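Notes for the one structure printed next.
Any read-out appearing in this document is the output of simple, stated calculations on the displayed coordinates, not a laboratory observation. Treat the numbers as computed from the prediction; the structure is a model and nothing was measured. No Cβ is skipped: glycine too gets one built from the backbone with ideal geometry, and neighbour counts run over all protein chains shown.
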């Protein structure tokens, strides 16, 4: 049943910490707790009264949504112990009242007899709603901003199904991008080809990130696609992520319009080996910073400048989350985590390469979730 | 100089109302005050510590941004009396600290000697920042959420330049959509064709709304594109908006894969006349609800069901704003407002038509800003 495990885990945690009521206002929390997936591509609608929120009270859950968002949600249905309450924001008969109606709906859902500790995601909750609770007699606000983070690291079978669908989409995008990398085309053209292929495969709009940069750009490790033209000697880093069902994928490959130079071939092959080496280290019990250190050491020994970014990261309802594979992070990897690894080599303004796969931690190793062709031409 | 008029107007208003300090946290306000235009297509980045904000203090302005956002801003440069302060959110050497760094930066920018009234956009400010100010001795918070709305209605020459660039993009999108409406293709294919044409023309990513629906969909007045196939007798409503330089365009046309039926022709022609009639009413001094009433009366007299939505609306840093052309709205139109008009006729589940133009209110009438071909085939 949709996201029931997430709510059960959270309920147990809140009981343990003695919090009977919580208002969740962070979009990642709301998505993770309910499976609700709002449209995001055009930013916040002027009809909204605020972010989607979830009210928890002694094991009962209420998702509070702008009325128009319900049909957009691609997988949100009736759920046990989680009702959905909507507010109208827009009507032609009277002024826009999204904010007022959301707040009235919240008051109704939360009831009048508020007392004791109320958990609140203080970084994301609208200030007026928080101040109103703060001023309520006998209410004590408790910041719960990071309380779900640890749970979010371990994926449920339902989450993995959603994520696999996204990785299939990024595979499709990469096939289109690989074909589109041709002399005279521009970064934005490659981007469009990948995005169109993904939306056509999904049969719907799909939010889409991350990078598409030719190697001769000064900042050639990442960036949004622009009008830089692809030349015969260009490398093109294509780093793609999609958001279907509220979960992000990620992936990276490097393509070439012409025959890669010997230098580019060597860089590419070293990066392939670095990625495979990193993957060989992934298993439950492995420590994030040790994997990071070993991957960096691999690059150093191969005689290349060590990439300035993370060796990898996890993802889910956000495109980047813990465990991050970075120098300081002593977290231990566990089964059912999904880890991105993405070594690269960058010669700013000249050429660059990055290759990235997604790995699902299994009982004794890792399963590759990405299947895009990252090989040299 | 970029958005200087906006800051001067706001400064004068704040002086008049006796508010020496304001923290703006609403994205529309931030864009309007500074010209800053953040990327929005993939939602809020996990590296951010909160929304971009603007601090006003006695006529001096500070824009507070996540460091990585600066290069993405397509038109934000050095500005008189408005400095830009950035915070780091992401580094590989230590845990994600966007939230903590943004708050530390805010404290530094705002200084220690806070006293008296501080204006705050209470619907958008993060709760913890508001609570921290609320708990500061001798500080009194004042909600300023809608204070800029009236200013935002009248466009400056700089804003009109940005909006014209967007209307040119929607024209380009419509030309591609019109060509893509063919039997056997799907809504999402038409959408992709329009979006790709727009991004290719812009040479960069462009956030993109609104609707692409075949007439035989039950809800055929709007909606995101899906996998509905275009048939020989299909009407296809294509309602497009773009966001370049922080400003939205809007536009709508209706296309046909085959020869429109006599009923579709009559509907289309009536809608064309309704739109031209509406445009003929636009001039400074005209009252929004009277235009709305006359356009609805036009449809009624033509023997069609009156569209259930607004007759039109304004737009700018948001895709929908006052003056709305709706039954209750007694606002008077003024020179340099931009008004969308969009009459339509809907037979749910069968066929539908909507046509929409953008009009700039001039001294004695209106200039059309959209130039897409809305005619029958």
For n ≥ 4 DSSP H runs only, could you compute -39500 (n - 2.57) per run for chain B, divide by its residues and tell me the 222 nm figure to the nearest 500?
-> -10500 deg cm²/dmol
Efficiency by 1/(1 + (r/R0)^6): what FRET value for residue A:280 and residue A:336, r their Cβ-Cβ distance, R0 = 25 Å, to the nearest 0.05?
-> 0.85
Quick one: work out Rg over Rh on the C-alpha atoms of the range B:287-332, Rh as Kirkwood radius.
-> 1.03
At a temperature of 20 °C and a viscosity of 1.002 mPa s, determine how fast the range A:203-302 diffuses translationally according to Stokes-Einstein, using the Kirkwood radius over alpha-carbon pairs as Rh; express D in µm²/s, rounded to the nearest whole number.
-> 136 µm²/s
Would you please give the FRET efficiency between residue A:287 and residue A:142, computed as 1/(1 + (r/R0)^6) with r the Cβ-Cβ distance and R0 = 35 Å, to the nearest 0.05?
-> 0.65
Largest-first semi-axes in Å of the equivalent ellipsoid built from the Cα gyration tensor of the range A:157-368 are 27, 23, 12
Can you tell me the relative contact order of chain A? Whole percent, Cα pairs under 8 Å, sequence separation 6 or more.
-> 14 percent
Rounded to one decimal in nm, the spacing of the 7 Å Cα→Cβ label points at residue B:269 and residue A:164 is 5.7 nm
Per-copy distances of the residue B:114 label point, shortest first, in nm (7 angstrom along Cα→Cβ) | 2.1
Return the tail of the calculated pair distribution for chain B, meaning the percent of Cα-Cα pairs more than 27 Å apart.
-> 54 percent
Normalised per residue, the volume of the convex hull around the Cα set of the protein assembly as shown (Å³) = 155 Å³
Mind telling me which of A:42, A:105, A:351 comes out most flexible in a GNM of chain A, alpha-carbon contacts under 10 Å?
-> A:42
In the protein assembly as shown, what percentage of the DSSP-assigned beta bridges are antiparallel, given to the nearest 5?
-> 75 percent
What average number of partner chain Cβ atoms lie no more than 10 Å from the Cβ of the residues making up A:95-105?
-> 2
So, in nm and shortest first, the distances from residue B:308 to its counterparts in the other copies, with label points 7 Å along Cα→Cβ, work out as 5.4
Relative packing of B:19-30, A:255-266, which averages over residues the other C-beta atoms within 10 Å, highest first | B:19-30, A:255-266
Extended-chain gain in nm, criterion 0.36 nm per residue less alpha-carbon gap, residue B:4 and residue B:259 = 86.6 nm
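Set the Förster radius R0 to 60 Å, insert the Cβ-Cβ distance between residue B:113 and residue A:294 as r into 1/(1 + (r/R0)^6), and round the FRET efficiency to 0.05.
Working: r = 51 Å, r/R0 = 0.85.
The pair residue B:113/residue A:294 has a calculated efficiency of 0.70.
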Three principal axis extents, largest first, for the C-alpha atoms of the range A:4-151, in Å?
-> 46, 35, 24
Estimated distance in nm for a label pair at residue B:350 and residue A:364, the labels positioned 7 Å out from Cα along Cα-to-Cβ | 6.7 nm
Work out Dmax and Rg for the range B:147-203 from the C-alpha atoms and quote the Rg first, both in angstrom.
-> 15.5, 50
Shortest first and in nm to one decimal, what separations exist between residue B:262 and its copies in the other chains, measuring from label points 7 Å along the Cα-to-beta-carbon line?
-> 7.8
Residue among B:176, B:274, B:232 with the largest mean-square fluctuation in a Gaussian network model of chain B, springs linking Cα atoms under 10 Å | B:232
Percent antiparallel among DSSP beta bridges with both residues in chain A, to the nearest 5?
-> 75 percent
Of A:350, A:187, A:272, which is the most mobile in a GNM of chain A whose springs link Cα atoms less than 10 angstrom apart?
-> A:350
